[in-house]
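The values are calculated or read from the model by the stated rules, or taken from the named source; none is laboratory data. Predicted model, so just to flag it, every value in this text is computed and none were measured. Here Cβ is always computed from backbone atoms with ideal geometry, including for glycine, and neighbour counts include all displayed protein chains.
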Amino acid sequence: MKAFFIIAWTIFILGMCMTLMHFPFNNITKIVGSALIFMHGFTYVFIKAKENIASATVPLAGSFWATYILFKVMYWSIALQFFYVALLVSLACLVLHIVYKTNFHLGHGLLIGLSVLSIAFSFVHSNRIFYFFQLNDVINSASKEYNYEAWDKYSWFSYLADDKEEAMQANEKAQTALARSIKRDGFNVDFQYMETIEKHKESILAQNWSSFP
């Protein structure tokens, strides 16, 4: 089971790194890794429940947090609901450890660390997550100048985060990036996307932007 645990988390973390580097198949890699972590958590409970129910729930709680992080990074609306589920499972795990007076071990430390990280992560708005993965200066210093679709989507996430000023600035950068792309690539660029960006600008000003794109 330990090898299964290590492989599952390695695939999940690899998927996150692939997303940061914009490698293909990054989404499927994250999903597969999360599914394996979830499978390990439930399998471990069934195998170890009779032996030590408190310790058996540790990987299960960790699997719920991993799934929450996946949903958050994928910008799925169900992420918030899953956060509460993961929190309840972790609290149940804590109660079991108090009742059975289980000794502290490495797994507990990892779960505590993951729980704290996930709770802190829950306060980060989607626009900041999107910017980190798609528009950060370290990895995207060259491509961000032409990535009008990413700026447009960042504008959308900023609007959802109720940061209208940031949404407008991102919209302007989307227009600039599109103009640069047209100048560089000519007819290979979707000229009609300028209308989409302009409509999004109007929606920000009118405060009635309801969907993307």
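Tell me, please, whether a residue that is in contact (Cβ under 8 Å) with a residue 24 or more places away in the chain, more than 24 Å from H97 (Cα to Cα) and part of a helix (DSSP H, G or I) can be found in segment 38-59.
no
Of all residues in segment 120-154 being loosely packed, with under 14 Cβ neighbours inside 10 Å and not in a helix (DSSP H, G or I), which is farthest from the chain's Cα centre (by Cα)? Step through it out loud before you land on a result.
Our first condition is that a residue be loosely packed, with under 14 Cβ neighbours inside 10 Å; within segment 120-154, this holds for 120, 123-124, 136-138, 141-143.
Now restrict to residues that are not in a helix (DSSP H, G or I): 123-124, 136, 141-142.
On the way: F123: 12, V124: 10, N136: 15, S141: 22, A142: 24 Å.
Residue satisfying both the conditions and the ranking: A142.
Need the failing condition index for F12 against (1) closer than 30 Å to S143 by Cβ; (2) without any contact (Cβ under 8 Å) to a residue 40 or more places away in the chain; (3) touching a helix residue (DSSP H, G or I) at 6+ places or on another chain (Cβ under 7 Å), just the number.
(2)
Report whether or not Y84 is surrounded by fewer than 16 Cβ atoms within 10 Å (Cβ to Cβ) and at pLDDT below 95. Please lay out each step first, then the result.
Values: surrounded by fewer than 16 Cβ atoms within 10 Å (Cβ to Cβ): yes; at pLDDT below 95: no.
Taking the combined requirement at face value, the residue does not satisfy it.
On the given criteria, is T67 assigned to a helix (DSSP H, G or I), over 28 Å from H125 (Cα atoms) and in contact with a helix residue (DSSP H, G or I) (Cβ under 8 Å, 6 or more places away or on another chain)? Lay out the reasoning, then the answer.
Working: assigned to a helix (DSSP H, G or I): yes; over 28 Å from H125 (Cα atoms): no; in contact with a helix residue (DSSP H, G or I) (Cβ under 8 Å, 6 or more places away or on another chain): yes.
No: the conditions fail for T67.
Residues of segment 188-213 being outside any helix (DSSP H, G or I), surrounded by 12 or more Cβ atoms within 10 Å (Cβ to Cβ) and touching a residue at least 24 places away in the same chain (Cβ under 8 Å), which ones?
Pass one, segment 188-213, residues outside any helix (DSSP H, G or I): 189-192, 207-213.
If we keep only those that are surrounded by 12 or more Cβ atoms within 10 Å (Cβ to Cβ) too, we end up with 189-190, 209, 212.
Result: W209, F212.
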